[in-house]
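Okay, structure first, notes after.
The values are calculated or read from the model by the stated rules, or taken from the named source; none is laboratory data. Given the structure is predicted, the values throughout are model-derived calculations rather than measurements. Backbone-built Cβ (ideal geometry, glycine too); neighbour counts: all protein chains shown. Surface areas here come from the heavy atoms of the whole protein model, side chains and all, with no ligands, DNA or RNA. Shrake-Rupley method; radii C 1.70, N 1.55, O 1.52, S 1.80 Å.
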Amino acid sequence: MNIEDFDYHLPEELIAQTPLKDRTASRLMVIDKEKKEFAHKHFSDIKQHLQPGDTLVLNDTRVLPARLYGIKKDTGAKIEVLLLRQEENDTWEVLTKPAKKVKVGTELVFGDGKLTAVCKGFKDHGGRILEFSYEGIFYEVLDQLGEMPLPPYIKEQLSEKERYQTVYAKEEGSAAAPTAGLHFTNDLLAEIKSMGVNIAFITLHVGLGTFRPVSVDTIEDHEMHSEFYQMTKETAELLNQTKATGGRIISVGTTSTRTLETIARDNQGAFNESSGWTNIFIYPPYEFKAIDGLITNFHLPKSTLIMLVSALVDRETILEAYKEAVNEKYRFFSFGDAMLII
């Protein structure tokens, strides 16, 4: 398929720059994937579309304040560092800006010496390997010195760091938030659970490859980035039980979907306790093995994420839904409105 098949027109003013004060106040477009019909609601109405015995699957990854501003120890030149993923111990794969100033052996200083780093090597895509030194606990130092790595289409500063975290974020390690989950509050989750709907958690640490544009004309030639995932024994057993008793598995976000589909693919449609790296690329046509429904945000044109949602319904219906969302002035992307495909 051609990348242009997944393009749509989006006025820039519809890109949400700040989160709503009330997480559940976002709008919700509901798509009936069988009838190909749309309905316009609010996110708090999500309860109307869930049934006892269903299982809602949430990604409990926590976003690192992964953007650091420092200087070169020898020259004082300013350097920006973006943590991508932990290699081992205090060694991280990072992006640096300007990259050409960071060579093997370059020493960097952050926060008047609270954190230092030495460049140990290069990565194929232009990244660097940094080894950090500090006193205390790395994540606490990072929390003091780092900034949230908001997507490039968000131009405004975030006043509260926690608004780029889900209320259930727990496992440190993401370079970006699983944004479909930003709409939930603890109260809403408690209401959903009281209805007899199960709540399950998986972990997928979101990489910046999520925002990497598809640079090939033919989407089958696109190479997906790898991301680390984990599923507990408890979650695996709950999901297997849900399927066995006729309940639906409803994934919150494309990150949860990619994790569930990876595990189900590797286990003949079942789930088990597992962890590893996934680079699964879901685009039409694709036979879903794990999920029955999806809660997601509205995604960038020509992105792998709009391809994934197109695989769950069909490309024409999704593009029609996006056109309607533009006409209805929905808010788009990370801090924007939501879609339920059921």
Original post:
Which label marks the calculated value of percent of Cα pairs over 38 Å apart, given the options [x] 17; [y] 10; [z] 27?
Top reply: [x]
Subject >> Cβ-placed point charges (K, R +1; D, E -1), dipole of the stretch 1-153 about Cα centre in debye, nearest 20 >> reply: 340
Original post:
For the stretch 62-167, what's the relative contact order in percent, using C-alpha pairs closer than 8 Å and at least 6 residues apart?
Top reply: 27
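For THR218 and LYS233, calculate 0.36 nm times their separation in residues minus their Cα-Cα distance, and state this gained length in nm to one decimal.
Full-extension gain reported as 1.6 nm.
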Original post:
On a 0 to 90 degree scale, rounded to 10, what angle separates helix 233-244 from the longest Cα axis of the chain?
Top reply: 20
Original post:
Considering the dipole of the chain built from charges on the beta carbon (Lys and Arg +1, Asp and Glu -1) around the Cα centre, which of SER26, SER159, ALA321 is farthest to its positive end?
Top reply: SER159
**OP:** Measure nothing but the geometry: give the 0 to 90° angle between the long axis through the Cα atoms of 315-327 and the longest principal axis through the Cα atoms of the chain, rounded to 10°.
**Re:** 80
Original post:
Against the longest principal axis of the chain, how steep is helix 254-266, in degrees 0 to 90 to the nearest 10, with axes from Cα atoms?
Top reply: 80
Subject >> Dipole-positive endmost among THR106, GLY136, GLN86 within the stretch 67-147 (Cβ charges, Cα centre) >> reply: THR106
Original post:
Any idea what the relative contact order of the stretch 155-226 is, in percent, if you count C-alpha pairs under 8 Å spaced at least 6 apart?
Top reply: 29
**OP:** Figure the gain on full extension for GLN268 and MET195 (residue separation times 0.36 nm, minus the Cα-Cα span) and round it to one decimal in nm.
**Re:** 23.2 nm
Subject >> Accessible surface, 1.4 Å probe, highest first, among residues LEU142, LEU208 >> reply: LEU208, LEU142
**OP:** Enter the Cα centre distance for the pair the stretch 71-96 and the stretch 256-320, rounded to the nearest angstrom.
**Re:** 33
Subject >> Cα-centred dipole magnitude for the chain, charges only on beta-carbon of K, R (+1) and D, E (-1), debye, nearest 20 >> reply: 540
**OP:** Among LYS73, LYS161, LYS100, determine the one that fluctuates most according to a GNM of the chain built with springs between C-alpha atoms less than 10 Å apart.
**Re:** LYS100
Subject >> Where the chain is the region considered: accessible area per residue in Å², 1.4 Å probe >> reply: 46
Subject >> 14 Å Cα cut-off, lysine pairs counted over the stretch 67-147 (separation 8 or more, or different chains) >> reply: 14
Subject >> Principal axis dimensions, the stretch 192-342 - Cα atoms, whole angstrom, descending >> reply: 40, 36, 26
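How big is the stretch 269-342 by the Kirkwood estimate over distinct Cα pairs, in Å?
One over the average 1/r among Cα pairs gives 13.6 Å for the stretch 269-342.
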Original post:
Using a 1.4 Å probe on the protein chains only, how many percent of the accessible area of the chain belongs to carbon and sulfur?
Top reply: 46
Subject >> Residues of type lysines that LYS329 reaches as a straight line, Cα spacing below 25 Å, ignoring anything fewer than 8 places off in the same chain >> reply: LYS21, LYS33, LYS35, LYS36, LYS41, LYS47, LYS155, LYS302
Subject >> Relative contact order for the chain, counting Cα pairs under 8 Å that sit 6 or more residues apart, in percent >> reply: 25
Original post:
So what's the convex hull volume per residue for the Cα atoms of the stretch 67-147, in Å³?
Top reply: 83
Subject >> Helix-only mean residue ellipticity at 222 nm for the chain, each DSSP H run of n ≥ 4 adding -39500 (n - 2.57), per residue, nearest 500 >> reply: -5500 deg cm²/dmol
